[in-house]
Amino acid sequence: MSKPLILLGAIVGFSAAQNCPILGPAYPPVTEISSSNAFGAARATADKLITDGLASGQLDNQTSAFSVQVFSIYSDDPVYEYHHAAPALNLTTLNGDTIYRIGSISKLITVYTILSKLPDWYWDEPVSKYIPELSGLAPPEDSLAAVDWSKVTLGALASQMGGIGRDYTLGDLSAIPPGSGQILLPGLPPIAEPVRCGSVGFRPCTRAEAMAGIISKPPVTDPYRTPIYSNMGFQLLAYAVENITGRPFPDLVRDQLLVPLNLTRTFLSNPGNDSNAVVVPGYDEDIGDEAPAGAYYQSLSDLGALGASILSSTILPEIKTRRWLQPTAHTSTFSISVGRPWEIFREKVLTDPRGNNNKTRIVDMYTKNGGLEQYVAHLALSPDHGMGIAVLTAGGGGQPSFFFLQEMLYKVFLGTAESAAREKAAADFGGKKNNGAGDREFKGDLVEFGLDGSGEPGLFLSRLVSNGTDMLEAFGTVFGVPEGVKLGGWLYPVGRDSGRAAFRAVFGAVGVDTTVEDRCLAWGSVDQLRYGGNAVDLFVFELDDEGKATEVRVVALGRSIKRTAKGGD
């Protein structure tokens, strides 16, 4: 047997031994959010969990304020929103326009601005090409003592892969504000040049001071070796983009994002004595030119609108958005990867929350966290569901409250989105489709879709008959399915256009579960088998005006089969 056939047999045989989904949505998303009973129930559940948390003390009910929102690109109004004004902060009623500080979510705004202004090839350009203070530096003689800036690209900085240090002054133990009464930690020797700018309680550093500090710092590691979190990298990004465009970076943010998206409650510097703001320690902190890394102010409504604009490609072309919503590197934590500047959490979501099983699938949440003194902020996007979550907290107990809220919102609303999409897919695409009459000794064409009773994700193909022949049984011989074991197909949406929806099937042995979760190789078997050049796993549904299937084209068989009975009929 030739090597290609050996490889083909190995992959097909592995796929037939299990069902595992391809990465991405298991079903088309739910678009009728406002009328969905499932989301109505989720809102009630979230309200109760927050109320109970405040009553029990799991949520700080005295010193911390918070605002949370769940948003969807399919709804003009928030899916869910809740505000809590801490009694100790003497706040009036909070709303979607209340300002918080968002810390490092500023980095996301910085990258978004660059993506909207510059072509992607700039990501591969060395930062030294666009910052005069770096371009004049000779290559370091000692690679452990100085950064070779000619090897640090704009993309490396945006994805935390530059290998450079975190900060040039912030976090320095010599930073003791004058008149603060603080003393140097015992045992530390005196130094000639303690920090005089750019740290808490100090004035911002000038550009000259900042660049001197950045250049003096040794590298942490080589570029693109491992993710190393850096704030100063985003200050360098802003300097570089200013040089490329000839414009101040704050002006670019306003023109590229704030004005087009009508983000009237987003501020790139201190908005002053705003009457609708949560003011806690850190509100007035000025970090100068490091603002693109973590200094911005934003309301909950603007944060949700920012996230929705990414998911819906309001500013960027869809292909650019899809490139952006991808990991750049992994971390040492199995479930966390990084992007530009995403912190990507790989969540295990129940595939059938209402069923009696614990089967899950991976949903990648593209998130950015932010923190500045007593402020904690979080934005999370689920491209699979067209949905996002925004959390803003402020006050002494903000961090514990943040973790409670984040975990609760993920669990309630991701599960709801998955369950609602599963049920809607069964209603819109499930049932029988045939070109003949009757099932007994059927001599025509028939295809039947529904939900897998075992809780596997995807639309389940349980029958496929062509010219009276059971094609799943026939395909089973190709896939090497053992005698007595039934072959099935699990369909996943891969595209939609002009009243049509395309799905690809992952074929597997019904009732045979994978025993090794991290060996799911379905992505390697898609489009593997063809008949006359047509993919065996491709199914294209024709849709009516309400998005419901009227017929399905089984591409490999060259047949379109009418829908005669809906799911549940």
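The values are calculated or read from the model by the stated rules, or taken from the named source; none is laboratory data. Predicted model, so just to flag it, every value in this text is computed and none were measured. Positions of Cβ are backbone-derived with ideal geometry, glycine not excepted, and every protein chain shown enters the neighbour counts.
Within the stretch 389-409, the only residue that satisfies the criterion of being polar (S, T, N, Q), at pLDDT 95 or above and buried (at least 22 other Cβ atoms within 10 Å of the Cβ) is Thr393.
Just one residue in the set Ala277, Ala240, Ala308 is under 26 Å from the mean Cα position of the chain (by Cα) and surrounded by 18 or more Cβ atoms within 10 Å (Cβ to Cβ); that residue is Ala308.
The residues in the stretch 311-329 that are surrounded by fewer than 18 Cβ atoms within 10 Å (Cβ to Cβ) and among the hydroxyl-bearing types (Ser, Thr, Tyr) can be counted, and the count is 3. Checking each residue in the stretch 140-168 for being assigned to a loop (DSSP other than H, G, I, E, B), modelled with pLDDT of 95 or more and buried (at least 22 other Cβ atoms within 10 Å of the Cβ) picks out Val147, Val152, Ser159, Gln160, Met161, Gly162, Gly163, Ile164. If you go through the stretch 80-139 and keep only what is of a type in the set (Lys, Arg) and outside any strand (DSSP E or B), you end up with Lys107, Lys117, Lys129. For the stretch 127-150, the criterion of being outside the structural domain of Ser313 (by TED's automatic domain parsing), within 28 Å of the chain's Cα centre (by Cα) and touching a residue at least 40 places away in the same chain (Cβ under 8 Å) is met by at least one residue. So for the stretch 46-57 (the condition being free of Cβ contacts under 8 Å to residues at least 60 places away in the same chain, assigned by TED's automatic domain parsing to the domain that holds Leu311 and within 26 Å of the chain's Cα centre (by Cα)), does at least one residue qualify? Yes, some residue in the stretch 46-57 is free of Cβ contacts under 8 Å to residues at least 60 places away in the same chain, assigned by TED's automatic domain parsing to the domain that holds Leu311 and within 26 Å of the chain's Cα centre (by Cα).
Scanning the stretch 243-273 for residues that are within 20 Å of Thr92 (Cβ to Cβ) and crowded, with 17+ Cβ neighbours inside 10 Å yields Arg265, Phe267. Quick one: in the stretch 487-501, which of the residues that are surrounded by fewer than 20 Cβ atoms within 10 Å (Cβ to Cβ) and touching a Leu at 6+ places or on another chain (Cβ under 7 Å) is modelled with the highest pLDDT? Residue satisfying both the conditions and the ranking: Arg500.
Of the residues making up the stretch 297-305, one or more are within 18 Å of Arg101 (Cα to Cα), crowded, with 17+ Cβ neighbours inside 10 Å, in contact (Cβ under 8 Å) with a residue 40 or more places away in the chain and over 21 Å from the mean Cα position of the chain (by Cα). When Gly386 is evaluated against the numbered criteria (1) over 14 Å from the mean Cα position of the chain (by Cα); (2) modelled with pLDDT of 95 or more, which criterion, by number, is the only one it fails? Condition (1) is where Gly386 drops out.
In this entry, Lys107 passes the filter for residues that are over 14 Å from Asn243 (Cβ atoms), in the same structural domain as Arg323 (by TED's automatic domain parsing) and in contact with a strand residue (DSSP E or B) (Cβ under 8 Å, 6 or more places away or on another chain). Selection of the stretch 331-346 for residues being surrounded by fewer than 17 Cβ atoms within 10 Å (Cβ to Cβ) and out of contact with any Pro (no Cβ under 8 Å at 6 or more places or on another chain) yields Ser332, Thr333, Phe334, Ser335, Ile336, Arg346. Test Arg504 against the stated conditions and say whether it is charged (D, E, K, R), closer than 30 Å to Asn357 by Cα and surrounded by 17 or more Cβ atoms within 10 Å (Cβ to Cβ). Taking the combined requirement at face value, the residue satisfies it.
Quick grid of which residues meet (1) at pLDDT 95 or above; (2) in contact with an Asp or Glu (Cβ under 7 Å, 6 or more places away or on another chain):
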{"position": "Leu538", "(1), (2)": "yes, no"}
{"position": "Phe541", "(1), (2)": "yes, no"}
{"position": "Ala556", "(1), (2)": "no, no"}
{"position": "Lys562", "(1), (2)": "no, yes"}
{"position": "Gly567", "(1), (2)": "no, no"}
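Residues of the stretch 60-74 that are out of contact with any strand residue (DSSP E or B) (no Cβ under 6 Å at 6 or more places or on another chain) and at pLDDT 95 or above: Ile73, Tyr74. Checking every residue in the stretch 454-467 against the condition of being at pLDDT 90 or above, crowded, with 24+ Cβ neighbours inside 10 Å and at positive phi gives at least one match. Take the residues in the stretch 336-356 that are farther than 17 Å from Leu414 by Cα and part of a loop (DSSP other than H, G, I, E, B); name whichever of them is nearest to the chain's Cα centre (by Cα). Checking each candidate, the answer is Trp342. Taking each residue of the stretch 369-398 that is in a strand (DSSP E or B) and looking for partners that are of a type in the set (Lys, Arg) and at pLDDT 95 or above with beta-carbon atoms closer than 6 Å, six or more apart or interchain, yields Leu372/Arg101; Tyr375/Arg101; Leu379/Lys368. Selection of strands (runs of 3 or more DSSP E) fully inside the stretch 456-568 by the criterion of at least 2 residues being more than 30 Å from Pro383 (Cα to Cα) and in contact (Cβ under 8 Å) with a residue 40 or more places away in the chain returns 459-466, 559-566. Scanning the stretch 59-109 for residues that are over 30 Å from Ala238 (Cβ atoms), touching a Gly at 6+ places or on another chain (Cβ under 9 Å) and surrounded by fewer than 23 Cβ atoms within 10 Å (Cβ to Cβ) turns up Asn61, Gln62, Thr63, Tyr74, Pro78, Glu81, His83, Ala88, Leu89. Residues that are assigned to a loop (DSSP other than H, G, I, E, B), closer than 16 Å to Val79 by Cα and hydrophobic (A, V, I, L, M, F, W, C) within the stretch 29-66 comprise Val30, Ile33, listed in sequence order.
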